[in-house]
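Written below as structure tokens is the structure these notes are about.
Please treat every number below as a calculation from the coordinates, not as lab data. Please read all numbers here as calculations on a predicted model, not as lab measurements. Because the Cβ atoms are built from the backbone with ideal geometry, glycine has one as well, and the counts that use them run over all protein chains shown.
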Amino acid sequence: MKQIRLALDWTPNINHIGFLIALEQGYYEDAGLDVTLLNPAMDAYAKTPAKKLETGEADLAIGPMESVISLNTKKNPFPAQAIYAILQEDISSIAVLASSGIVRPAQLDGKLYASYKARYEDEIVRQLVRNDGGSGDLAICYPDKLGIWNTLLQGKSDATWIFDNWEGVEASTQSIPLRTFRMKDFGIPYGYSPVIFGNREKMAAEKEIYSLFIKESKRGFLFAQEHIEESAAMLKKALSPDDQVRIDLIQSLDSFGFYFGDSGTMGQMDAHRMEAFFQWLVKHKLEQPDILQLELYTETFI
């Protein structure tokens, strides 16, 4: 059995359903893979998925495409490469409580944004505000990562970045009205999030193994789309007790499951979309022009 340790970007949620189903249904085991999912709650997010990959504690990691770029362009580069996009469209957004009276990003000037402290995150959010006519003058705080969403719900922050298919569905389930702002609606050609990524050199040497992992994971995501209630029940078993009661899993899968793509598009990463995001990072001086090496940063293992 070939071991693959996958570092999750968050506690188990809808974006991980394909992996959880592949484990539950025995897809990985039948393919000769011993797959372990590394839950960030185990160490209270002391290390990011990218750091776990870099230190050899994980064979693959999940995170935004920014993590892949950042690993490659930091002072001591790490050869990270994305091999699969979990969502075919960006369904993350900046969220505020509807009761806040904030109806557009420009009104976030002077407000408190709860940040995950990702390398480009704060400037992306500032630019979102500027593109709507604001100055981008936000106050930014850095709570414990696993508690960031609660800072918004408890009124300890005014805005944060969420996934509409998870925190957005939780808010709907709990009858908490939100107002959300997506990047594409305010001139930011955001890339892919989340993606599966690993060590480019290691994966090239063992491409058959990693391709097999992707193949069986894809089976899991396809199963989730075709068997919503059964898949929601499998996901529920992996959730924390609080998440089990706070989130309507069937609503999440029914409303957002198609964003995983279909049998022909699952995992794909469009080069033009990636280049547009890379160019945006360069234009706003978040990266140097020489980062535009798509062939190094992405390769679809399907």
- line: Computed from the beta carbon distance with a Förster radius of 51 Å, FRET efficiency for Glu208 and Cys141 to the nearest 0.05 stands at 0.65
- prompt: Under 19 Å from the Cα of Lys75, which lysines turn up, not counting those fewer than eight places away in the same chain?
  reply: Lys47, Lys51, Lys52, Lys117, Lys285
statement: Within the under-13-Å Cβ sphere about Pro12, not counting Pro12, Lys/Arg +1 and Asp/Glu -1 give a net charge of -2
- prompt: Using the C-alpha atoms of the range 92-186, what convex hull volume per residue, in cubic angstrom, is computed?
  reply: 88
query: For the range 74-203, with only Lys/Arg (+1) and Asp/Glu (-1) charged at the beta-carbon, what is the dipole magnitude about the Cα centre, in debye rounded to 20?
result: 380
statement: At the level of C-alpha centres, the distance separating the range 188-255 and the range 68-103, in angstrom, is 16
Charge dipole (debye, nearest 20) of the chain; +1 at Cβ of Lys and Arg, -1 at Cβ of Asp and Glu: 780
- line: Cα convex hull volume per residue for the range 1-118, in Å³, equals 161
- line: the range 147-167 scanned against label point 7 Å out from Asp254 along Cα→C-beta; backbone N under 19 Å for 164-167
- prompt: If you average the sequence gap of Cα pairs under 8 Å that are 6 or more apart and divide by the length of the chain, what percent do you get for the contact order?
  reply: 27
task: State log₁₀ I(q)/I(0) for the chain at q = 0.10 Å⁻¹ as given by the Debye formula over alpha-carbon point scatterers of equal weight, solvent excluded.
output: -0.53
message: Run the simple label-point estimate for Lys285 and Lys215 please: 7 Å along Cα→C-beta, distance reported in nm.
response: 4.9
